[in-house]
Structures are given as C-alpha cells and as structure tokens.
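This report concerns only the one structure given below.
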Amino acid sequence: MKRVYVNEKWCISCHLCEYNCAFANSGETSMVKALKGVTIRPRIRVEENDRVSFAVACRHCPDPICVKSCITGALSAKDGIISVDSWKCVGCYTCICACPYGAIQPDETRGVVQKCELCTRNSCGEPACVKGCPNGAIVFEEREKKQ
Amino acid sequence: MRYVIIGNSAAGIGCAEGIRKTDKDGEIILFSKEKQHTYSRPLISYWLEGKTSLEKMKYRPDHFYKKNKIVFRPSTEVVSIDPVGKTVRIQKGESVSYDKLMIASGSKPFLPPMPGIEKVKKRFSFMSLDDAVQLEKQLTPESRVLIVGAGLIGLKCAEGIRSRVGKITVVDLADRVLPSILDEKASAMIRKHLKANGIDLILSDSVASFTAKTAALKSGKEIRFDLLVTAVGVRPNTEQAAQAGLAVKKGIVTDLHMRTSDPSIYAAGDCTESQDVSSGTQRILALLPNAYMQGECAGINMAGGNSVFDKAIPMNSMGLFGLHMVTAGTYEGECYRKKTEDSYKCLYYKENVLKGFILIGDIGAAGIYTSMIREQTPLDSVDFDLLKKNPRLIAFSKDEREQKINTRFYREPVKG
C-alpha cells in the first residue's frame, strides 16, 4: 500500500505539514478560519535541532502495537490504514504508551486520541502534508514491491 | 481442526484473531462464563462515570463471531480439562473435544480474610460488567462508599462513582497509592490530587473487622459505610489447568510461543506468568495489551504458524480525575527525575538500558520510551540527555531514524 515516507535530507523545517494537516482535519473550508488564533492540533509533528529536521506521523505499521494495545477496540486496521473510532475511544492513552513513534496524540478537547489516517476521512483526498510539502521531503509512495 | 478457546476477553479474542490469520476455516468454539458479547473489562469504571455505554464497550463489533466463524458459547463455564482425551467438560456434563486448546481464563478478585465481612450485605468486587451493574443499582447521592484497596481497580472505581455518591473512603494497607505502578514521589502527587477531588484516603491501615455498616480499622478508626467495594488484588484462574496437570506456578507456565507444558494446550492473559523483559523475571502481568498480544501469538502458533512473544513488559496508562499517567517497565537503577507543579517524570536506567518510566501530566509520545524498554535499546546508541527532556526520534542515530521514518516499515533491530 501507499505510505507516507519522510526524507530528513530534504526537510527545511518549515512546519507547513503541521499547518496543512491541522487545516485538512479541521473541517473548515477557510485556512484562516481553521488556523488563525487557535492552537493547532496536527497529527504530524516536526522534530528538529540545529542540524537536522524531519516530520513524523503514523507509520501504519503492518503489525500495529497500538491496535493490539487498545483497550476499547477503538483502534483498528482496515486495508492497512489504522484509524481511530472516536465514538468508542475513552482517552485512556494506552496507545500513546505503546506507539514507538510517538505518532498518536491526545485530543484533550474531545477526551479521545487522534492520529494520521492518511487523509482518508477528510475531504483532502490525498495526504495534505505531502501535497503541501514545498521541498519533496514528505512523499506518498508505494514501496512494498521494491522489497 | 477444532480449536477450543476458554475466555472471551482480550486474550481469548486475540487468540481467535491469531488463528484466523493463518487458518481461515478451522472450527473455533469459544466458551465464556459470562453472558455478554466480548466487552472491555477496564471500561467498567468509565461506564459508571458515563464516559462510555454498553454498546461502546463492546471490544469487537457485533458481527465479530459470525465474521470469524466462531461458535460462541456464552454463559458456559468450562469446569475441567482432560488433556489425555483432549476434551473439555462444561456444566451439565457435556464434553467437547479439541485439537488445540486455549486457556484464557483470566483472573479473579482476591479477598484476604476479613472478620465479619459476611455481615456486609452490599458488598461488591469490581472486575466484571456484572459487578459494575450490581454496584450501579445501589448508588445513591447519599451513599457512603468504602473501597478497600488503593490500586488500579479501587481508584478507577472511586473515580467512576465519585459524582454519583455522597462520600468515598479508600483504605489500603500500603503506605501509598498505586504502589504497583508509581514510585513514592509520584504516589504522593496522585494522593494529593485524589484528595483534592474528594476522595478520603486512609493508608498504612486495614480493616480489622466488619459489622453490616461499619468497618473497624487496625488503627482504631471506625468507618461507617453503605456500600463496600473490595479491590485488594487479583489472582489468576489456574484451577482447571492445575487439575489437568499443567505446569502452574504463580500463573500458568508457558514458553515464549505461549504453549503450556502440554503441547496441544496454550494459555494467555491474566491467568499466565510472563517473562518481563524489563526486570528479567517471571511475573504475572495482568494487563490488557499483554493479554491480547499473548493470545494472538498463541493463536498463530495453534494454527501452525510460528510466532514468539518475547516482548512482555508492564505498561499502564490511565487518568484519574483528569490527571493522566503513563508508566512502563521496572523501577530499578539510576533515576532521572523532574517535577513541576502539575507534571512528573521519572526515568529509571541501568546497565546501558532504560528500565522503566513514570510520566504524569505530560505524557506525549511516551511510547518512544516504552519501545526503548521493550527493545532494550542501548543508551550509548542514542542521545539520552535529549531523551531525558522529551521522548523524540531525533535522539536516535541517523540510521535508526532512517529505518523508522523512511523505510518500508520499521524492522526491529536484531539483538546481538
């Protein structure tokens, strides 16, 4: 399946992926309305120091420890995409304790967790972080066959 | 091929899903002592609090048994196992044969002898949905509730019912709350938080004797109550396994394939012992994620696959009155500690590996620490000073980062 891959060599630490992610998942049609004056809650986060930077989002692991650890059954994998059913989630954060990438975040406003769902549940159509990356550091590729 | 599964919680369900990864058609019969569709046991406190519903608590969707071609036998307790004839006996004398058997019989509340407890009519355990339903029926805004046990179960119960009762007192023999998952300083912080949320805590004390509505404590204090919840601890359900001659110590003994001493019988979840990677000891890890992963591993092996579960560690995540805590591993070795007004962090490390951690308040990306414990990542291969501040992938080597974010999927490092 197609996955999001990040090449730190090309990341320029602009954080646009975070803004595009927050906008894509906000449900708003205006970027200004979605982002201005609010604390954004992106599902991708940029890690950086003075030498290197890169973005991290859910890897959609084929053997997902978050799904196995979920105490409610709210996290599930379908067609390789791991998504969260926020109706079932109680915000216990066991998945946050389990994810080796730090790719699941609390959504304190709703008392649940949130994570990258490859923009399959919003109107973006393809991952917004990839679409908006100005330097090609984040790509959405099929690499399974290469192995 | 006929698979028989005893138990309808995380380990039993994990087993069924593990079997179906390999064997799409073999017959699966799943016995449950309880009447309900598979539900998430740890959610019973959330249910009392109104944060979930009976519908949402279902651990798998309604079509789960049908979709996975599982013959589900609710309200049916397995009373004995005959490993020679390869059958299980259920109530009313019926016997069911198996080719491979999974024992996921869970645990039961442990009740130490407390004189006079039989006089208490409104007395509850807090393990099952039935327990919660029974307790719920008795809750009134005036109820005075005594909870014996300041561990995970007792305190989650307290949180669940706080807004629905008049007064809650929690008594524990230990000198601090949550001694199994918190160190002293963290316990002190949670204790203060519980107090601020109206929970009366009496520690280093225990009940000497009960009358119908009073508890006399060893210290001489007397507590009047209307409802009593006992949450002292749990013990694995190992009776049938022991009677069948399987190796049982504290829990049912298995190898890393989750096979018991009988090659046709597997076991998983709260009824078993695990090899805790973080402490290197055999322990009972009565935790849902552990149960699921053991069950799934067993299921794969029962169906002829080859799976090993060698990554068991204690790991807990929960909130109490809005304050979240995430903990994992074993608290031994040196300690890096940082405390603020509303957060606490403690990392335990020894012999070049992270052994355990406690995070309260700020728990973001905690799983990066958890995976370091699980994978026994050498601390000299990472920027540990950076990791002490925050769990971040940038603290790993360039090759590791490349593996984690830019390869097909992350392959676990091969251990030397």
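Structure data summary
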quantity	calculated
Subset tally (residues that are at the interface with another protein chain (Cβ under 10 Å from one of its Cβ atoms), crowded, with 24+ Cβ neighbours inside 10 Å and under 12 Å from the mean Cα position of the chain (by Cα)) for segment A:93-116	2
In segment B:346-382, the residues that are polar (S, T, N, Q) and either crowded, with 24+ Cβ neighbours inside 10 Å or facing chain A (nearest Cβ under 8 Å) (or both)	B:370, B:371
The listed residue being in contact (Cβ under 8 Å) with a residue 40 or more places away in the chain and crowded, with 24+ Cβ neighbours inside 10 Å, out of B:145, B:177, B:165, B:170	B:145
Filter result for the condition that a residue is over 23 Å from residue B:237 (Cα atoms), surrounded by fewer than 20 Cβ atoms within 10 Å (Cβ to Cβ) and either among the polar types (S, T, N, Q) or modelled with pLDDT of 95 or more (or both), over B:62, B:82	B:62
Residues of segment A:117-139 that turn out to be within 13 Å of chain B (Cβ to nearest Cβ) and open to solvent by 20 Å² or more (accessible area, probe 1.4 Å), as a count	2
Conditions (1) away from chain A (no Cβ under 11 Å); (2) outside any loop (DSSP other than H, G, I, E, B): number failed by residue B:326	(1)
Single condition residue A:48 does not satisfy, out of (1) closer than 20 Å to residue B:316 by Cβ; (2) over 14 Å from the mean Cα position of the chain (by Cα)	(1)
Sole exception among (1) within 12 Å of chain B (Cβ to nearest Cβ); (2) open to solvent by 10 Å² or more (accessible area, probe 1.4 Å); (3) among the aliphatic types (A, V, I, L, M); (4) not in a loop (DSSP other than H, G, I, E, B) for residue A:90, by number	(4)
Pick from segment A:53-66, criterion more than 7 Å from chain B (Cβ to nearest Cβ) and in contact (Cβ under 8 Å) with a residue 24 or more places away in the chain, ranking: nearest to residue B:326 (Cα to Cα)	A:66
Extreme residue, farthest from residue A:113 (Cα to Cα), among residues of segment A:1-42 that are touching a Phe, Trp or Tyr at 6+ places or on another chain (Cβ under 6 Å) and outside any helix (DSSP H, G or I)	A:11
Single condition residue B:71 does not satisfy, out of (1) surrounded by fewer than 19 Cβ atoms within 10 Å (Cβ to Cβ); (2) out of contact with any Leu (no Cβ under 8 Å at 6 or more places or on another chain)	(2)
All positions within segment B:336-367 that are under 16 Å from residue B:278 (Cα atoms) and without any contact (Cβ under 8 Å) to a residue 24 or more places away in the chain	B:348, B:350, B:351
Residue check for residue A:12: within 30 Å of residue B:42 (Cβ to Cβ) and either free of Cβ contacts under 8 Å to residues at least 24 places away in the same chain or more than 8 Å from chain B (Cβ to nearest Cβ) (or both)	no
Some residue of segment B:82-104 being in contact with a Pro (Cβ under 7 Å, 6 or more places away or on another chain) and not acidic (Asp, Glu)	no
Which numbered condition residue B:246 fails, given (1) in a strand (DSSP E or B); (2) surrounded by 20 or more Cβ atoms within 10 Å (Cβ to Cβ)	(1)
Boolean, residue B:231 is touching a residue at least 24 places away in the same chain (Cβ under 8 Å) and under 20 Å from the mean Cα position of the chain (by Cα)	yes
Single residue of segment B:27-48 satisfying the filter (touching a strand residue (DSSP E or B) at 6+ places or on another chain (Cβ under 9 Å) and open to solvent by 10 Å² or more (accessible area, probe 1.4 Å)) that is nearest to the other protein chains (Cβ to nearest Cβ)	B:42
Those residues of segment B:329-344 which are part of a strand (DSSP E or B) and within 14 Å of another protein chain (Cβ to nearest Cβ), in sequence order	B:329
Subset tally (residues that are assigned to a loop (DSSP other than H, G, I, E, B) and surrounded by 15 or more Cβ atoms within 10 Å (Cβ to Cβ)) for segment B:201-236	9
Test: residue B:151 is within 25 Å of residue B:343 (Cβ to Cβ) and buried (at least 19 other Cβ atoms within 10 Å of the Cβ)	yes
In segment B:292-315, residue most open to solvent (accessible area, probe 1.4 Å) [restricted to those that are out of contact with any Gly (no Cβ under 9 Å at 6 or more places or on another chain) and charged (D, E, K, R)]	B:310
From B:150, B:188, B:174, B:132, residue being in a helix (DSSP H, G or I) and closer than 30 Å to residue B:330 by Cβ	B:188
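Residue-wise test of (1) at pLDDT below 95; (2) crowded, with 22+ Cβ neighbours inside 10 Å; (3) charged (D, E, K, R).
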{"site": "A:6", "(1), (2), (3)": "no, yes, no"}
{"site": "A:31", "(1), (2), (3)": "yes, no, no"}
{"site": "A:34", "(1), (2), (3)": "yes, no, no"}
{"site": "A:42", "(1), (2), (3)": "no, yes, no"}
{"site": "A:50", "(1), (2), (3)": "yes, no, yes"}
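For (1) under 19 Å from the mean Cα position of the chain (by Cα); (2) in contact (Cβ under 8 Å) with a residue 24 or more places away in the chain, each residue gets a yes or a no:
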| residue | (1), (2) |
| --- | --- |
| B:31 | no, yes |
| B:45 | yes, yes |
| B:67 | no, no |
| B:82 | no, yes |
| B:85 | no, no |
| B:93 | no, no |
| B:96 | no, yes |
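The values are calculated or read from the model by the stated rules, or taken from the named source; none is laboratory data. Since the structure is predicted, the reported quantities are computational estimates derived from the model, not experimental observations. As a convention, Cβ positions derive from the backbone with ideal geometry for all residues, glycine included, and neighbour counts pool all protein chains shown. These area figures cover heavy atoms from the full protein model, side chains too; ligands, DNA and RNA do not enter into them. Shrake-Rupley method; radii C 1.70, N 1.55, O 1.52, S 1.80 Å.
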